Amino acid sequence: MAIKKIAVLTSGGDAPGMNACIRAVSLAAIGAGAEVIGYKYGYNGLLKQEYIHLDPYAVRNLLQRGGTVLHSARCEKFKQTDQLHIAAQHLNDAGVDGLVVVGGDGSFKGAERLQSIWDKPIVGVPGTIDNDVAGTDYTVGYHTAIQTAVESLDKVRDTAEAFERIFVVDVMGREAGFIALNSAISAGADHVLLPETFTTAAEELVKILDKLDKRRKNRANKSHIIVVTENLWPGGLNVLADSLQAESGVDVRILTLGHVQRGGSPVWQDRLLATKLGTYAVEIIKQGQKGMMSAINHRLPAAVPLNDVSIERKELNSYSMQIRDEISLLG
């Protein structure tokens, strides 16, 4: 399929590596002889026909920059059918032959809806720190989020050891425990709470106290790190901290990493992943495939139907879960 112009936008939560993806899409498209435009503020820019031209000069030095030069936002209007038709008309008016959407599950649902009424290829690139997009091994931004969490956990460990405290560390992830699980293992945390395995507050509190008691016997101290996926504990982390302090008699502190995980220069894994996925997205458009996601499966690029992505839930690695259970008591 001959392409003269490709558009790209970043939607939803920002993720380290989005800029690298914008760069890859732009350079791959320009290399194929196409013009590139970037819509600003996600689907909002598409509805307002607000875009910038992306040439090699415009994307210089984006590989290592965090955030997204196109900015990002969520767009409730994009759920309305009449707004989809406006978006499709704007793409036609701009002479766009293919659209690349960098974002997560919500962004892909918007891409699916738009693809149902627009007759040219739309390709999604999974850009979310949560790594919760099915159909791809990893998502752009995930590795950097893990690195940020691990560095923070390492520093908190020093303070926990010095004052013999319990630290409850809140990490992002929404309804997926990928960041929590893998950062906890990588930083040697004492316990991790995941949405995939959470039961009730009462049962989980018993598990934590039992784990802390066994760790105390193994290590003969009272410092502990507990990693919790955001918004998981009923009533909030203050409720958990108060319960732990009352039951254990140990001072408990809360650390919320929050949006710091979304920022910063992407680590090399995300730079490489973003470059591969962005480049392959252009290849999918050149092939004329519609409604696809540019993915990495078993280290190889793959085109995955967006419809399959939306109906499948990505599960945690079973071996990582086994490691969590087997070695977390050993120090």
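For L257, the residues whose modelled amide H falls within less than 5 Å of its own, excluding neighbours fewer than 5 places apart on the same chain, are D170. Of interest is the spacing of the C-alpha centroids, which for the stretch 252-331 and the stretch 21-81 amounts to 20 Å. The residues of the chain have, on average, 43 Å² of accessible surface per residue, using a 1.4 Å probe with all protein chains present.
For Q269 and Q287 in the same chain, what is the full-extension length gain: residue separation times 0.36 nm, less their Cα-Cα distance, in nm?
Contour length minus the Cα-Cα distance gives 3.8 nm.
Out of the total accessible area of the stretch 144-262 (probe 1.4 Å, heavy atoms of protein only), what percent is carbon and sulfur? In the stretch 144-262, the share of accessible area belonging to carbon and sulfur is 48 percent.
Computed with a 1.4 Å probe on the full set of protein chains, the accessible area for Y138 sits at about 100 Å². Ranking A160, L205, G235 by Cα position along the charge dipole of the stretch 144-262, where only Lys, Arg, Asp and Glu carry charges on their C-beta atoms, puts A160 farthest toward the positive end.
Close amide H partners of M293, meaning residues 5 or more places away or on another chain with modelled amide H under 5 Å apart, are G124, V304, L306. Between M1 and T81, the FRET efficiency estimated from the beta carbon spacing at R0 = 35 angstrom works out to 0.80. Remark: spin-label model distance H298-R313 equals 2.6 nm, labels positioned 7 Å along the Cα→Cβ axis. Axis of helix 318-327 versus longest Cα principal axis of the chain: the two differ by about 20°, to the nearest ten degrees.
The stretch between V239 and K207 holds 9.9 nm of extra length on full extension. This uses 0.36 nm per residue minus the Cα-Cα distance. Let me make sure I get this right: for the stretch 1-74, a, b and c are the square roots of the gyration tensor eigenvalues over alpha carbons, sorted descending. Under 1.5 in a/c it's rounded, otherwise prolate if a/b > b/c, else oblate. Which is it? The shape class here is oblate.
Around the Cα centre of the chain, unit charges on the Cβ atoms of Lys, Arg, Asp and Glu (plus for the first two, minus for the last two) sum to a dipole of about 700 debye. Listed values for the stretch 46-63 are Karplus-derived 3J(HN,Hα) couplings in whole Hz (6.51 cos²θ - 1.76 cosθ + 1.60, θ = phi - 60°), namely 5, 6, 9, 6, 10, 8, 10, 8, 10, 10, x, 5, 5, 9, 5, 6, 7, 4, and x replaces Gly and Pro.
Across the chain, Cα pairs under 8 Å and at least six residues apart give a relative contact order of 24 percent. The magnitude of the dipole of the stretch 1-147, with charges of +1 and -1 set on the Cβ of Lys/Arg and Asp/Glu and taken from the Cα centre, is near 260 debye. With both residues required to sit in the chain, DSSP beta bridges show an antiparallel share near 20%.
Report the local net charge at H71: Lys and Arg +1, Asp and Glu -1, summed over other residues whose C-beta lies under 14 Å from its C-beta. Write down the numbers at each step before the final one.
On the way: positive: K40, K48, R65, R74, R262; negative: D14, E50.
Net of charged neighbours comes to +3.
Each Cα pair under 8 Å and six or more residues apart adds its sequence gap; the mean of these over the residue count of the stretch 153-302 is a relative contact order of 29 percent. Label the stretch 144-262 by shape, choosing from rounded, prolate and oblate, from the square roots a ≥ b ≥ c of the eigenvalues of the Cα gyration tensor; if a/c is under 1.5 it is rounded, and otherwise prolate applies when a/b is larger than b/c, oblate when it is not. Judged from the Cα gyration tensor, the stretch 144-262 comes out oblate (a/c at least 1.5, b/c at or above a/b). Applying the Karplus relation 6.51 cos²θ - 1.76 cosθ + 1.60 with θ = phi - 60° to the stretch 114-126 yields 3J(HN,Hα) values of 5, 4, 5, 10, 10, 8, 10, x, 10, 10, x, 10, x Hz, where x marks Gly and Pro. Among (1) 28, 24, 19; (2) 25, 24, 21; (3) 42, 18, 17, find the value of semi-axes √(5λ) of the Cα gyration tensor in Å that was calculated from the structure presented, and write down its label. The listed entry that was calculated here is (3). In the chain, helical runs assigned H by DSSP with n ≥ 4 each contribute -39500 (n - 2.57); averaged across all residues and rounded to the nearest 500, the mean residue ellipticity at 222 nm is -13500 deg cm²/dmol. Among the protein heavy atoms, those of T199 account for about 70 Å² of accessible surface (1.4 Å probe, every chain in place).
The values are calculated or read from the model by the stated rules, or taken from the named source; none is laboratory data. From a predicted model like this one, the values you see are computed outputs, not experimental measurements. Because the Cβ atoms are built from the backbone with ideal geometry, glycine has one as well, and the counts that use them run over all protein chains shown. To get the accessible areas, we keep the full protein, side chains included, count just its heavy atoms, and leave off ligands, DNA and RNA. Shrake-Rupley method; radii C 1.70, N 1.55, O 1.52, S 1.80 Å.
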